[in-house]
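The values are calculated or read from the model by the stated rules, or taken from the named source; none is laboratory data. Keep in mind it's a predicted model, so treat the numbers as computed, not measured. Positions of Cβ are generated from backbone atoms using ideal geometry, with glycine treated the same way; all protein chains shown enter the neighbour counts. Remember, those area values only see protein heavy atoms, side chains included, never the ligands or the DNA or RNA. Shrake-Rupley method; radii C 1.70, N 1.55, O 1.52, S 1.80 Å.
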Amino acid sequence: MRDKTADRSASLTAEGYLRQERKKNLVLILLTVVLLAAAIISLFIGSNDLRFSNFLSSAIPSLGEKLGAAPLTKIQSGILWQLRLPRVLCAMVVGAVLAVCGTIMQATTGNIMASPYTTGISSAAAFGAAIGILFQPLGSGGASTVVFAFAFGMVDAAVVYGITAATNLGAGGMILVGVALNFLFSSANSLLQYIASDDKLSQIVHWSFGTLTGVTWMQILVIAASFLVAMIVFMRLAWPLNVMSSGGDESAKALGVDPNRVRVVSGVLVTIVAAITISFIGVIGFVGLVAPHVARILIGSEHRKLLPGSMLLGALLVLIADTIGRTIVAPTVIPVGVVLSVVGAPLFVYLILAQNRRRLY
């Protein structure tokens, strides 16, 4: 009798697990469909009168005749392929990067308030960008801004993770070191802004807003390639991340996981990918906070599903925000970082309140 009861219980448990897995896979499929639909819609929304029917007429002339739509003009083709498509793809890649980096930081620190910028990388990169804009050591182009933003982001990471690894501080100590460096670089950046001319100050502030205007195919390729490599490693670390996020360092050690090693390896990858992204795009906030929270609500906290879910939600969030920013007061373009700050802050507060309400009941 006991054997039959145990078998029945095991069967029900396995069935429930499979049902949950199917539900998670369905959510991921739906998010993918929604993201693709949003990308197509975003391509044909803007100040220029560009319609999907015109694109169909250019791609399939016979279908265009049936629809009664004219093919794309040379100017419209240029807008679609050289301006909007790179911007839409960049929005999705940047959103995916920041969301996944936020998920990793929350897992390795055991802190749901962690983000890709917890270690102070955003302030360090902003300081480096300010140096590049103000002094232009590599010439008058944008190379100085990109190189120095990336370099100071990596310096910040080297200090944070170097101290963490050398002194065995753990997650809490790493966060404190990051907070200290954040204040240091923020103060240094404020000093540079104080001595900058009006023109340079405007450039520094504009960079700090985070914008997708003027992105190039090479920038998208670099960000996407670095993210692909990091994502492969993150997926291989899914089980250690599950252990660390649910049970902390002691439980991880008991199960044979070295939390400091996982924290340093994943943290360095997060820093490299985030620094590359920030150096090209500027600082875009809230994605690394909001997307992982929403993904946990929809999918759960198992990182084999949570990481792809966060990636899709982050891509969707930045894409929608950028579409709003370039259309709401067209032809003026509001930087995506500004839109995300305005929308992301109340959304994040709502998610926190909703989560606390569920705990109470």
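At a glance:
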read-out	value
Difference of contour (0.36 nm per residue) and Cα-Cα distance, GLN193 to ALA37	52.0 nm
Accessible surface, per residue, of the range 122-162 when the full set of protein chains is kept, probe 1.4 Å, Å²	35 Å²
Helical segments meeting 27 Å axial Cα length and Kyte-Doolittle 0.5 threshold in the chain (DSSP H)	85-109, 143-167, 170-195, 217-236, 259-281, 303-327, 336-360
Among ASN25, ASN260, ASN182, residue whose mean-square fluctuation peaks in a GNM of the chain (springs only between Cα atoms under 10 Å)	ASN25
Within a Gaussian network of the chain (alpha carbon springs, distance under 10 Å), most fluctuating of GLY153, GLY95, GLY325	GLY325
Label-point gap, in nm, between ILE60 and PHE183 - each point 7 angstrom along Cα→Cβ	6.2 nm
Under 25 Å between alpha carbons - lysine pairs in the chain that sit 8 or more apart or on different chains	4
Identified option (computed percent of Cα pairs over 34 Å apart; candidates (i) 28; (ii) 33; (iii) 37)	(ii)
R0 of 45 Å, Cβ-Cβ distance LEU255-ILE45: FRET efficiency to nearest 0.05	0.35
Accessible surface, the range 21-63, averaged per residue in Å² (probe 1.4 Å)	60 Å²
Accessible surface of the chain, 1.4 Å probe, proportion on carbon and sulfur as whole %	67 percent
Choice from ALA238, ALA96, ALA157 with maximal GNM fluctuation in the chain (Cα, 10 Å cutoff)	ALA238
Contour excess over end-to-end distance, with Cα ends at ALA224 and ARG22 and 0.36 nm allotted per residue	69.9 nm
For the range 290-351: accessible area per residue (Å², 1.4 Å)	37 Å²
Gain in span if fully extended, PHE348 to LEU138, counting 0.36 nm per residue against the direct Cα distance	71.7 nm
Residue-count net charge about SER245 - beta-carbon cut-off 15 Å; Lys, Arg +1, Asp, Glu -1	+2
Residue-averaged [θ]222 nm for the chain, counting only DSSP H segments that reach four residues, each worth -39500 (n - 2.57)	-27500 deg cm²/dmol
Heavy atoms of MET235: accessible area, 1.4 Å probe, square angstrom to 10	70 Å²
